[in-house]
Protein chains: 2
Amino acid sequence: MNRHRVVIVGAGFGGLFAAKALRRADVDVTLINGTTYHLFQPLLYQVATGILSEGEVAPPIREILRRQDNVDVRLGWVRDVDVEARTVEVAGPGVSYTVGYDSLIFAAGSSQSYFGNDGFAADAPGMKSVDDALELRARIFHAFEIADLQTDPADVERWMTFVIVGAGPTGTEMAGQIAELAHRTLPGQYRHIDPHRARIVLVDAVGAVLNTFGDQLSTRALRELHQLGVEVELNTTVVGVDPEGIDVETVRGRERIPAMTKVWAAGVSAPPLARRLAEATGASTDRAGRILVEPDTTIPGHPEIFVVGDLMALPGRDGRQLPGVAQVAIQSGRYAAGQIRARLAGRTAERPFRYFDKGSLAVISRFSAVASIGRLRLSGFPAWLIWLVVHLFYLVGFKNRVSAVLHWAVSFLGRGRSERVTTLQQVYARTAMRDFGDPFAHPGDGAGSTAVGAGAGSPRTSR
Amino acid sequence: MNRHRVVIVGAGFGGLFAAKALRRADVDVTLINGTTYHLFQPLLYQVATGILSEGEVAPPIREILRRQDNVDVRLGWVRDVDVEARTVEVAGPGVSYTVGYDSLIFAAGSSQSYFGNDGFAADAPGMKSVDDALELRARIFHAFEIADLQTDPADVERWMTFVIVGAGPTGTEMAGQIAELAHRTLPGQYRHIDPHRARIVLVDAVGAVLNTFGDQLSTRALRELHQLGVEVELNTTVVGVDPEGIDVETVRGRERIPAMTKVWAAGVSAPPLARRLAEATGASTDRAGRILVEPDTTIPGHPEIFVVGDLMALPGRDGRQLPGVAQVAIQSGRYAAGQIRARLAGRTAERPFRYFDKGSLAVISRFSAVASIGRLRLSGFPAWLIWLVVHLFYLVGFKNRVSAVLHWAVSFLGRGRSERVTTLQQVYARTAMRDFGDPFAHPGDGAGSTAVGAGAGSPRTSR
């Protein structure tokens with residue numbers, strides 16, 4: 001007899017924890033993901049700002065699940081779900097394939113939203129993927145290098161201004177880290193610019209930073225950002241983004257901020273596949289494209305399809321939609337796995353999904369964070385210590401290796417920005433620098449063996 | 001009065017050590033390099049095979065020289081040298097500039113050579129730059145992933161065959177590391193393939209691996225490679241490379257090896273800029289394009305221009321040309337700096353450059369290496385220990401941070417391949433996978449939040 005087949009779409013927090021929770025279940029799990037790694041997204045900003053390497057926040061899925069025999073990890077992009085035939089259509093590299101399911105856990109996650117202005121993406125990259133983080137790393141570090149080469153003071157200022165759109169945890173953490181870079185790491189390393197003079201501007205349409213953390217921590221975070229030298233522009237809407245600057249609508253009226261480097265940390269939306277799944281099942285979606293699910297996280301009329309994580313629209317105990325955070329994804333993924341196990345054991349009508357809010361954490365700068373845990377509000381060093389312990393604890397669970405934990409401990413505690421390397425493709429093929437110079441024009445023409453090597457490789461990029 | 005101006009072209013081993021050796025000299029140094037980092041090239045193969053992150057082998061030049069006030073580090077590609085006006089023309093990102101010199105240290109390094117078959121580059125990347133290493137990392141790890149998705153046994157075999165061209169230290173180390181990956185790291189992580197069945201083929205036109213290490217170590221290395229499961233094809237010339245395989249001329253005749261993944265570690269040549277400098281100065285070049293220099297490493301008739309490192313053609317004590325290795329570059333860079341200091345002190349006619357051969361090291365596998373030091377020949381664990389100590393010692397000198405050394409120690413001693421992350425651009429824009437699938441065709445269509453995030457960013461790549 002064939003075993004119950006569970007297909008999980010996506011190996012983010014929701015999909016990965018669902019797979020892990022099925023470890024001892026008598027099922028065959030197929031876990032489909034578009035990359036070979038799970039991404040620990042809350043630390044992605046540390047990759048963008050040179051603290052961690054991409055490998056430290058993105059362990060291979062196979063490595064995490066290597067001792068779990070009932071999971072088949074497959075690389076590919078799910079193109080469609082046939083809810084009648086109960087199959088998913090997958091495009092893999094060089095091969096398309098179909099996987100049948102008895103239960104489907106849909107955990108495809110959210111993508112960056114530019115609120116209808118997708119044209120902003122080219123000049124203000126988001127912070128959702130490793131590609132995004134490495135591109136931002138290239139933009140941020142090269143901005144200082146290029147500023148150092150400029151002769152016109154206006155050009156210097158443009159290259160040394162960094163605008164971060166969105167003052168949630170990701171935007172706040174990015175602003176804090178760029179400020180630390182400018183004021184603590186880089187000073188003394190340039191001859192023609194003073195990194196201290198960098199402008200870091202954090203913009204948000206609402207009236208507070210870390211809005212969801214409550215007034216007390218929001219005020220504390222704002223004060224700390226000011227101490228770090230970050231300009232915070234609240235009640236400010238972005239109306240235009242181009243290679244050389246950003247246009248905003250502030251309480252003072254319309255203004256322009258000349259800035260070569262922009263970061264978009266403002267919003268998320270559902271990928272097109274979520275819309276297709278909703279159409280196929282007749283499910284409703286909310287404004288952000290999330291799928292409205294039953295209290296047991298399944299699609300109405302489709303008890304075999306679970307939607308977990310960012311794509312799940314479900315009210316919490318307070319009546320408000322559960323937020324798109326890692327803890328909701330982890331808990332809903334585990335819950336869906338539990339429901340499948342319960343059904344196979346002949347039990348039905350399990351209790352509905354209840355989200356247990358373990359709290360929120362955001363790092364402002366090194367050794368300083370804000371934490372909201374139950375009724376507890378913490379800030380400064382104690383909050384940072386909690387952040388450190390929580391993250392090390394989770395990361396250990398993923399990587400399971402003493403060496404990895406040592407790596408992290410060293411990276412978190414050290415002052416260095418040792419991960420500053422950017423590839424020529426990231427710098428010149430995808431950034432604002434694409435219009436400048438032309439390192440690929442004369443293969444092998446560079447200065448230094450590294451540039452020469454890259455030059456020699458450049459025929460490949462133009463193919 | 002203006003200080004003596006030294007321009008150094010390239011921040012590889014030659015240029016960087018020249019700059020460091022000028023630390024206490026009464027000169028203004030301008031160090032021009034095409035990337036922001038110095039590349040520790042002997043460890044680049046560890047980036048390609050997932051052991052080290054790119055940041056661990058490529059410290060920022062500014063960071064290394066942060067305490068040296070007389071150096072101005074500038075990003076840019078040297079386009080030309082005007083030997084009459086004594087200026088170098090540089091193309092930087094968004095700005096072109098000219099730098100005048102009183103002394104020029106030309107340390108632009110070598111680029112990959114395909115011996116006239118530049119078309120091989122697209123399908124058999126070299127190992128000269130961080131871009132190369134990350135591209136190879138993407139090709140190697142994705143080869144296993146894609147093999148796992150194939151249904152035709154011939155396709156599986158093609159994806160699981162790895163051909164490394166060139167059995168010098170880089171090629172031998174790559175072959176050893178891919179074999180360890182296939183036989184020690186990856187087994188048990190796939191459901192449809194057995195990584196043990198991977199074929200790793202090391203090809204060279206000469207009759208021995210690690211030819212320059214002498215018969216004894218060469219034989220020992222060959223035996224170890226066989227034990228690791230590497231097929232070694234000596235006296236074998238590559239006559240064709242295409243996406244799906246490689247054609248070779250062996251002692252048995254012409255053969256084809258179906259293989260999706262090829263690595264080129266076979267040869268180096270001088271960049272075009274070296275030829276232009278030779279023409280401008282009337283200097284002779286050897287077959288590889290290296291510039292024939294005086295015993296004091298200067299160009300004949302141009303005592304103000306030093307050529308050091310890979311681009312310097314100079315016979316050693318045994319009458320043979322000095323090899324293009326890190327030690328020659330370091331020592332000649334320091335020597336050139338010393339000559340400049342001596343001249344400024346009014347001393348002339350210093351003794352000619354003499355290379356002191358500290359020995360050669362190559363790692364075959366974890367805990368096993370070969371070492372040739374003076375008359376000493378070592379192999380196995382003792383040689384590996386020497387390798388470890390030598391590399392940690394040098395790396396400490398570059399990065400100067402306890403945390404960096406801890407990082408390395410952990411990486412070298414650990415069994416993990418924690419740096420397996422590849423970006424979508426590296427996988428799909430630049431590799432053999434470019435013809436397969438089309439992850440960018442439907443933005444936001446991927447499986448999993450990471451793929452979705454990357455999908456959302458894809459409009460940028462098509463611009």
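Could we say that residue B:157 is open to solvent by 30 Å² or more (accessible area, probe 1.4 Å), more than 12 Å from residue B:265 (Cα to Cα), touching a residue at least 12 places away in the same chain (Cβ under 8 Å) and not in a loop (DSSP other than H, G, I, E, B) here? Break it down into steps so the answer makes sense when it comes.
On the way: open to solvent by 30 Å² or more (accessible area, probe 1.4 Å): yes; more than 12 Å from residue B:265 (Cα to Cα): yes; touching a residue at least 12 places away in the same chain (Cβ under 8 Å): yes; not in a loop (DSSP other than H, G, I, E, B): yes.
Against the criterion (open to solvent by 30 Å² or more (accessible area, probe 1.4 Å), more than 12 Å from residue B:265 (Cα to Cα), touching a residue at least 12 places away in the same chain (Cβ under 8 Å) and not in a loop (DSSP other than H, G, I, E, B)), residue B:157 qualifies.
How many residues are within 10 Å of chain B (Cβ to nearest Cβ) and hydrophobic (A, V, I, L, M, F, W, C) if we restrict to segment A:148-167?
The initial filter retains those residues of segment A:148-167 that are within 10 Å of chain B (Cβ to nearest Cβ), namely A:148-152, A:155, A:159.
Then drop every residue that is not hydrophobic (A, V, I, L, M, F, W, C), which leaves A:149, A:159.
Selection size over segment A:148-167: 2.
State yes or no: is residue B:55 without any contact (Cβ under 8 Å) to a residue 24 or more places away in the chain, among the small types (Gly, Ala, Ser) and within 7 Å of chain A (Cβ to nearest Cβ)?
Working: without any contact (Cβ under 8 Å) to a residue 24 or more places away in the chain: yes; among the small types (Gly, Ala, Ser): yes; within 7 Å of chain A (Cβ to nearest Cβ): yes.
So residue B:55 fits the description; yes.
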Quiz item: Can you spot a residue in segment A:258-272 that is at pLDDT below 95 and of a type in the set (Val, Ile, Thr)?
Solution: yes
Quiz item: From the residues in segment B:167-199 that are buried (at least 18 other Cβ atoms within 10 Å of the Cβ) and touching an Asp or Glu at 6+ places or on another chain (Cβ under 6 Å), which one is nearest to residue B:138 (Cα to Cα)?
Solution: B:193
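Inside segment A:288-301, can you point out the residues that are within 21 Å of the chain's Cα centre (by Cα) and surrounded by fewer than 24 Cβ atoms within 10 Å (Cβ to Cβ)?
In the first step, residues of segment A:288-301 are kept if they are within 21 Å of the chain's Cα centre (by Cα); the result is A:288-291.
Of everything in segment A:288-301, those that are within 21 Å of the chain's Cα centre (by Cα) and surrounded by fewer than 24 Cβ atoms within 10 Å (Cβ to Cβ) turn out to be A:288, A:289.
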Self-check item: Among (1) open to solvent by less than 20 Å² (accessible area, probe 1.4 Å); (2) within 7 Å of chain A (Cβ to nearest Cβ) - the single one residue B:112 does not satisfy
Solution: (1)
Quiz item: Conditions: (1) closer than 24 Å to residue A:112 by Cα; (2) buried (at least 23 other Cβ atoms within 10 Å of the Cβ); (3) of a type outside the set (Phe, Trp, Tyr); (4) modelled with pLDDT of 95 or more. Residue A:138 meets all but one. Number of the miss?
Solution: (4)
Quiz prompt | Whichever residue in segment A:207-234 is within 24 Å of the chain's Cα centre (by Cα) and open to solvent by 60 Å² or more (accessible area, probe 1.4 Å) and, among such residues, is nearest to residue B:94 (Cα to Cα) | solution = A:231
Exercise. With the condition kept exactly as written, say whether any residue in segment A:40-61 is in contact with a Lys or Arg (Cβ under 9 Å, 6 or more places away or on another chain) and among the hydroxyl-bearing types (Ser, Thr, Tyr).
Key: yes
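Give segment A:160-186 a look and list any residue that's part of a helix (DSSP H, G or I) and of a type in the set (Val, Ile, Thr), or say none. Before you say what the answer is, go through the steps one by one.
First, the residues of segment A:160-186 that are part of a helix (DSSP H, G or I): A:169-185.
Once the filter is applied, which keeps residues that are part of a helix (DSSP H, G or I) and of a type in the set (Val, Ile, Thr), segment A:160-186 yields A:170, A:172, A:178, A:185.
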Practice problem: Collect the residues in segment B:329-366 that are touching a Phe, Trp or Tyr at 6+ places or on another chain (Cβ under 9 Å), open to solvent by 90 Å² or more (accessible area, probe 1.4 Å) and outside any helix (DSSP H, G or I), keeping them in residue-number order. | Solution: B:354
Self-check item: Number of positions in segment A:138-154 that are touching a Lys or Arg at 6+ places or on another chain (Cβ under 7 Å) and in contact (Cβ under 8 Å) with a residue 60 or more places away in the chain
Solution: 1
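Tally the residues that are β-branched (Val, Ile, Thr), within 9 Å of chain B (Cβ to nearest Cβ) and out of contact with any Gly (no Cβ under 8 Å at 6 or more places or on another chain), restricting the search to segment A:68-87.
Residues of segment A:68-87 β-branched (Val, Ile, Thr): A:71, A:73, A:78, A:81, A:83, A:87.
Next cut, within 9 Å of chain B (Cβ to nearest Cβ) only: A:71, A:73, A:78.
Checking which are out of contact with any Gly (no Cβ under 8 Å at 6 or more places or on another chain) leaves us with A:71, A:73.
Looking only at that region, the number is 2.
Being touching a strand residue (DSSP E or B) at 6+ places or on another chain (Cβ under 8 Å), open to solvent by 10 Å² or more (accessible area, probe 1.4 Å) and on the phi < 0 side of the Ramachandran plot: is that true of residue A:145 here?
Values: touching a strand residue (DSSP E or B) at 6+ places or on another chain (Cβ under 8 Å): yes; open to solvent by 10 Å² or more (accessible area, probe 1.4 Å): yes; on the phi < 0 side of the Ramachandran plot: yes.
Against the criterion (touching a strand residue (DSSP E or B) at 6+ places or on another chain (Cβ under 8 Å), open to solvent by 10 Å² or more (accessible area, probe 1.4 Å) and on the phi < 0 side of the Ramachandran plot), residue A:145 qualifies.
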Practice problem: Identify all residues within segment A:115-135 that are within 7 Å of chain B (Cβ to nearest Cβ) and either of a type outside the set (Lys, Arg) or open to solvent by less than 10 Å² (accessible area, probe 1.4 Å) (or both); write none if there are none. | Solution: A:118, A:121, A:122, A:125, A:126, A:129, A:130, A:131, A:132, A:134
Self-check item: Selection count, segment B:312-325, where residues are open to solvent by 30 Å² or more (accessible area, probe 1.4 Å) and among the small types (Gly, Ala, Ser)
Solution: 2
Exercise. Say whether the condition of being modelled with pLDDT under 95 and among the charged types (D, E, K, R) is met by at least one residue in segment A:108-127.
Key: yes
Quiz item: Failed condition for residue A:223, given (1) assigned to a helix (DSSP H, G or I); (2) under 23 Å from residue A:137 (Cβ atoms), with all others met?
Solution: (2)
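For segment B:187-201, indicate whether the set of residues that are within 23 Å of the chain's Cα centre (by Cα), touching a residue at least 24 places away in the same chain (Cβ under 8 Å) and in a strand (DSSP E or B) is non-empty. Before the answer, list the steps.
The initial filter retains those residues of segment B:187-201 that are within 23 Å of the chain's Cα centre (by Cα), namely B:200-201.
Retained after the next criterion (residues that are touching a residue at least 24 places away in the same chain (Cβ under 8 Å)): B:200-201.
Next, from what is left, pick out any that are in a strand (DSSP E or B): B:200-201.
So far as segment B:187-201 goes, yes, one or more of its residues are within 23 Å of the chain's Cα centre (by Cα), touching a residue at least 24 places away in the same chain (Cβ under 8 Å) and in a strand (DSSP E or B).
Residues checked against (1) acidic (Asp, Glu); (2) closer than 28 Å to residue B:169 by Cβ:
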{"position": "B:29", "(1), (2)": "no, no"}
{"position": "B:37", "(1), (2)": "no, yes"}
{"position": "B:47", "(1), (2)": "no, yes"}
{"position": "B:54", "(1), (2)": "yes, yes"}
{"position": "B:66", "(1), (2)": "no, no"}
{"position": "B:70", "(1), (2)": "no, no"}
{"position": "B:89", "(1), (2)": "yes, no"}
{"position": "B:93", "(1), (2)": "no, no"}
{"position": "B:109", "(1), (2)": "no, yes"}
Self-check item: Number of the condition not met by residue B:304 [criteria: (1) over 20 Å from the mean Cα position of the chain (by Cα); (2) crowded, with 18+ Cβ neighbours inside 10 Å; (3) in contact (Cβ under 8 Å) with a residue 40 or more places away in the chain]
Solution: (2)
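The values are calculated or read from the model by the stated rules, or taken from the named source; none is laboratory data. Since we're looking at a predicted model, the values are computed, not measured. In this analysis, Cβ positions are derived from the backbone assuming ideal geometry, glycine residues included, and neighbour counts consider all displayed protein chains. Accessible surface areas use protein heavy atoms only, side chains included; no ligands, DNA or RNA. Shrake-Rupley method; radii C 1.70, N 1.55, O 1.52, S 1.80 Å.
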